[in-house]
Amino acid sequence: MEFLLSLILVGAVIGLFVVPMVRRRKAAKAALQGMAHSNDPGNYGFVPAEQLDVRLPGPDPELVDALTETQRTQDWRPVARLLALTDGPEEWELRWQRVQSLAGAAAMELREARAAGAPAATDAEQHISLTKGDAPVRDGRWLRAWRAEQPQDAGGAQVYAQFLVWQALGEPDSADHRIILEEARNVAHEAAALADADPTPHITELFVARALGYRRADFESLWHQVVRRAPAHMGAHLAALPYWSAKWHGSREESYSFAQSAAATAPAGSLLPALPLFAVYDHLPDVNLVHSMYQTKVVEDAIEAAEFAVDSVPDEHPVRPHVLHMLLCLLVRAERYQEAMEALRVVDGYVGAVPWVESPNPSAE
C-alpha cells in the first residue's frame with residue numbers, strides 16, 4: 001500500500017511540475033523557431049534585409065544607372081542627359097523626384113568625405129588621379145563642375161539649388177545655415193528663369209520658405225507659382241504641407257485644412273487624396289497613451305483615402321511608393337496587418353521614403 005501511495009505521489013509531482021515544465025520548454029523552443037521564421041523576410045516572399053535599397057522610395061533603374069556612372073567617374077554628363085530627357089508636364093513629378101535624389105546624392109558624398117577627413121583634391125589632382133586609373137575622390141564635385149561648366153543648364157541649376165537646401169537642413173546648427181538657404185533661393189530663382197514652365201525650382205523654394213519663415217502672404221504667393229504650373233503635383237503638396245503644421249508655422253487645423261482641400265479638389269487618377277494621411281502623421285503625439293488612437297475616424301478616413309489614391313494611379317507613378325510607405329506605417333499602428341502585408345509586397349525591396357535629410361522642426365534652426 002505504501003508503495004502504491006508513493007507511486008501516486010510521484011505521478012502527482014510529475015503531473016503538476018515536470019510535465020508543465022517540459023511543455024513550457026517545448027513551447028519556448030517552438031516560439032523561438034517561430035520568431036526566427038517570422039523574422040526571415042524570405043519566408044514571406046520579401047527581399048532579404050541586406051538587399052534592401054534605402055536610397056529611393058521605389059525603383060528608378062535609369063536614375064540608378066546614370067548616378068552610378070556619375071559617381072564612379074565624377075563626370076556630371078550621365079545624370080545631366082537623364083534629367084534633360086525628363087521634361088514636360090507629364091514628367092514634372094518624376095523630374096522633381098530625380099532632382100531631389102541627385103541633390104541628395106551629392107550632399108551625402110560631400111558629408112561622407114568630410115566625415116572621413118578626406119583632403120579636398122583640386123581639379124588638376126583629380127584629373128591626374130583619373131589618368132592613372134585611380135578611383136576619383138567622391139565628394140560631390142561632379143555637381144559643382146556641372147554648375148560651373150553649364151551655368152545655363154536648368155537641370156544643373158535645379159539640382160544645385162536643392163543640394164544647397166539639403167546641405168542647410170542637414171546642418172541646422174551651422175553658422176552658415178541661413179546664408180546657404182539664401183543662396184539656395186537665389187539659385188532656385190536662376191533655375192526658374194531658365195525654364196519658366198517647370199515647377200521644380202519653385203518647389204525647392206518651398207523648403208527655403210519653411211526654413212526661413214516666410215510670411216504667409218509670401219508663402220501663398222510662392223505656392224500660387226507652383227500650382228499655376230502643376231496643380232495636382234503630389235511632390236509639391238508634400239513639400240508645402242509642413243509649413244502649415246503645428247511644428248512649423250501653422251496648426252493642426254490649418255494642416256488638415258490644406259490637405260483636405262487638396263484631396264477634395266483632386267482630379268481623377270491623382271495621389272492627392274492621400275495627403276490627409278501625411279497631415280495626420282505629422283501631428284501624432286510623440287508618446288501614444290491611447291491604444292485606440294489609430295482606430296479613430298480621422299485616421300481611418302485618411303487610411304481609406306490613401307488606399308483609394310494608390311489604387312487610382314499607375315504602379316509606376318514616381319510618388320506612389322512614398323505614399324505606400326506612409327500608408328504602411330499607419331496600417332501597422334492601426335493593427336490592420338493584412339492590409340499592411342499587401343502594402344509591403346508592393347514596396348518590396350525599397351525602404352526609403354523622403355530622400356536624404358530633413359530638419360524636424362524650427363527648434364533645430
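Taking θ as phi - 60° and the Karplus parameters 6.51, -1.76 and 1.60, the scalar couplings of segment 155-160 work out to x, x, 5, 5, 5, 5 Hz in sequence order, x denoting glycine and proline. Backbone phi angles across segment 269-275, fed through the Karplus curve with coefficients 6.51, -1.76 and 1.60 (θ = phi - 60°), yield HN-Hα couplings of x, 10, 8, 4, x, 7, 4 Hz in residue order; Gly and Pro are listed as x.
With both labels modelled 7 Å from their Cα along Cα-to-Cβ, the K297 to C329 distance reads 2.6 nm. Under a 5 Å amide H cut-off, with hydrogens placed 1.01 Å from N, G213 pairs with nothing among residues at least 5 apart or on other chains. Using the Cβ-Cβ distance between D173 and E316 with R0 = 51 Å, the FRET efficiency computed as 1/(1 + (r/R0)^6) comes to roughly 0.80. Taken one residue at a time, the phi angles of segment 212-225 give Karplus couplings (6.51, -1.76, 1.60, θ = phi - 60°) of 8, x, 4, 4, 4, 4, 6, 5, 5, 5, 5, 4, 4, 5 Hz. Gly and Pro are set to x. The modelled label-to-label distance for the pair A115/A264, using points 7 Å beyond Cα in the direction of Cβ, is 4.5 nm.
Each reported figure results from applying straightforward, stated rules to the coordinates on display, with no laboratory input. On a predicted model such as this, the values are computed, not experimentally measured, just so you know. No Cβ is skipped: glycine too gets one built from the backbone with ideal geometry, and neighbour counts run over all protein chains shown.
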